[in-house]
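> Have a look at the structure that comes next, please.
The values are calculated or read from the model by the stated rules, or taken from the named source; none is laboratory data. In this text the structure is predicted, and so the values were computed from the model without any measurement. Methodologically, a virtual Cβ is constructed for each residue, glycine included, from the backbone with ideal geometry; neighbour enumeration extends over all protein chains shown. The area values use the complete protein model at the heavy-atom level, side chains included, leaving out ligands, DNA and RNA. Shrake-Rupley method; radii C 1.70, N 1.55, O 1.52, S 1.80 Å.
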Amino acid sequence: VGPRHAGSGSLGLLICLARLSMEDDVRTKALVDNMVEIASRMRHALRKDLCAKLNALSCDARQRLHARLVASPPPGTERCTIDLFCAGNITDELLASDSRLVQLVDGGAVVEPMLEASGGVRRSFLSLQTAWEHLKDWSDAADELPLCSTGWRLLESFGALGQPIEVKRRGIADQGPYGIEVARICATPADTASLVTAFRSKSSIVPPEGGAAVEDLLVLVDPDAPRASRLALSSTMLRQMYASFVHRRELHTSPCQSMVLALHAHALFAAVQPPARGVRKEDLEAHMRRQYLDRAYQCAQCTFGPIDHFACGDLAHHNGERVGNATINNACPRCGWFSRFLADWPKWDGTVPAEAFAQCASPEEEWINMTAADAGIA
């Protein structure tokens, strides 16, 4: 009876796994079908966005755009097509009657010059692509979408621009849509595909603003491609799956509008808060660990660190010398412990001392002690 019971249990487990696999296949197929449908409409949405942007340019901006395109025309584009494009008033009827104009609009070579003429180019600091370029990938790769076998593969392959956000999760016990907190919103855009890829490869992404690493994006309707980005946001991949990734680090495609609403509500709350004075504790810790971990030392007596002795072979050689108005001090700044031998100093363990936070809170205070490495004379 025992073996037969065990065998039936194993069979039940196999049946359960097979059922889950079939359900995953069904969900993935529905996800891919939705992406195929969105991709089939993306090219027209991008055309409408580009033409609207062009038609909104001032005469001076169109003249600058014309001069740039004439000086460096897209491959295979004739002067008359550039003249027609920069004249503005591009309509669907005009595009339908001129295949060369359609090729110029759909090719994407005019996007960057046009955005520069309109005031600036917004790019992902990771992929270095604009919102238009990312969304064009959705349209260009429509035939390859059925080859994506998992939700992760879709998220890593097709991205959209958004604002990097620092999300704090309250733990497994609070899995509701409001069980998160948006601690920071960064100004420099990034793209979802690059951030998901970095997360999957366990890579840390630091925004150009510095501070703590970011792993998530707040994806909004993009001003450079409002129709196309709104269409992308309506996809199951971004509206449900990416929202689930941000909230729970899991991929779910079940409808959950409350997750999207909660994320935007938390982001809005973070955006309207008054700016913090000084440097945030999380940003200081992240910055110091990136700069000093694995290269700096700490006091063997009180564990104060980081202490940067990287350029000092003999710590007693310049100790006590004066450089300008400062005195070189290679001893521990906190307790005064000192050893001339670098081997006596433990490697810094990454613990940021309270003195560092106090110094950031009072930036007008300057330390007058320095190490020989700081002085650059060791």
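> Within the range 16-25, does at least one residue satisfy the condition of being at pLDDT 90 or above, more than 28 Å from the chain's Cα centre (by Cα) and open to solvent by 20 Å² or more (accessible area, probe 1.4 Å)? I'd like the intermediate steps shown before the answer.
Step one: filter the range 16-25 for residues at pLDDT 90 or above, giving none.
Scanning the range 16-25 turns up no residue that is at pLDDT 90 or above, more than 28 Å from the chain's Cα centre (by Cα) and open to solvent by 20 Å² or more (accessible area, probe 1.4 Å).
> Do you know which residues across the range 314-332 are in contact (Cβ under 8 Å) with a residue 24 or more places away in the chain and under 15 Å from P346 (Cα atoms)?
L315, N330, C332
> OK, next. Can you tell me which residues in the range 314-334 are loosely packed, with under 14 Cβ neighbours inside 10 Å and either hydrophobic (A, V, I, L, M, F, W, C) or at positive phi (or both)?
A316, G320, G324
> Within the range 335-350, track down each residue that is closer than 14 Å to L293 by Cβ and open to solvent by 80 Å² or more (accessible area, probe 1.4 Å). Give the steps one after another, and end with the answer.
Keep residues of the range 335-350 that are closer than 14 Å to L293 by Cβ, which gives 346-350.
Those that are closer than 14 Å to L293 by Cβ and open to solvent by 80 Å² or more (accessible area, probe 1.4 Å): K347, D349.
> Give me the pairs: first residue in the range 113-140 and touching a residue at least 60 places away in the same chain (Cβ under 8 Å), second residue part of a helix (DSSP H, G or I) and β-branched (V, I, T), beta-carbon distance under 7 Å, and six or more apart or on different chains, which are they?
Short answer, once both residue conditions are applied: T130/V111; W132/V111; W138/I38.
> Name the single residue, out of those in the range 61-87 being charged (D, E, K, R) and under 35 Å from the mean Cα position of the chain (by Cα), that is least open to solvent (accessible area, probe 1.4 Å). Step through it out loud before you land on a result.
Restricting attention to the range 61-87, the residues satisfying the condition of being charged (D, E, K, R) are 62, 64, 68, 78-79, 83.
Checking the rest, the ones that are also under 35 Å from the mean Cα position of the chain (by Cα) come to 62, 64, 68.
Working: R62: 46, R64: 137, R68: 99 Å².
Among them, the one singled out is R62.
> Return yes when A67 is at pLDDT 90 or above, of a type in the set (G, A, S) and part of a helix (DSSP H, G or I) and no when it is not. Talk me through it step by step, then tell me what you get.
Numbers: at pLDDT 90 or above: yes; of a type in the set (G, A, S): yes; part of a helix (DSSP H, G or I): yes.
Considered against the rule, which asks whether it is at pLDDT 90 or above, of a type in the set (G, A, S) and part of a helix (DSSP H, G or I), A67 comes out as yes.
> Identify all residues within the range 192-239 that are open to solvent by 20 Å² or more (accessible area, probe 1.4 Å) and in a helix (DSSP H, G or I); write none if there are none.
Listed by number, the residues that qualify are S194, T197, F199, R200, P226, R227, R230, L233, T236, R239.
> When the residues of the range 315-341 are narrowed to those that are closer than 18 Å to A296 by Cβ and of a type in the set (K, R), which ends up farthest from the chain's Cα centre (by Cα)?
Here the answer is R340.
> Also, quick follow-up: Hey, does the range 155-176 have a residue that's under 17 Å from A267 (Cα atoms), part of a loop (DSSP other than H, G, I, E, B) and not basic (K, R)? Reasoning before the result, please.
Residues of the range 155-176 that are under 17 Å from A267 (Cα atoms), as a first pass: 161-170, 176.
So of that shortlist, the ones also part of a loop (DSSP other than H, G, I, E, B) come out as 170, 176.
Still in the running and not basic (K, R): 176.
The answer is yes; a qualifying residue exists.
> Regarding L104, is this residue closer than 21 Å to L233 by Cβ, open to solvent by less than 50 Å² (accessible area, probe 1.4 Å) and assigned to a helix (DSSP H, G or I)? Break it down into steps so the answer makes sense when it comes.
Details: closer than 21 Å to L233 by Cβ: no; open to solvent by less than 50 Å² (accessible area, probe 1.4 Å): yes; assigned to a helix (DSSP H, G or I): yes.
For L104, the condition - closer than 21 Å to L233 by Cβ, open to solvent by less than 50 Å² (accessible area, probe 1.4 Å) and assigned to a helix (DSSP H, G or I) - is not met.
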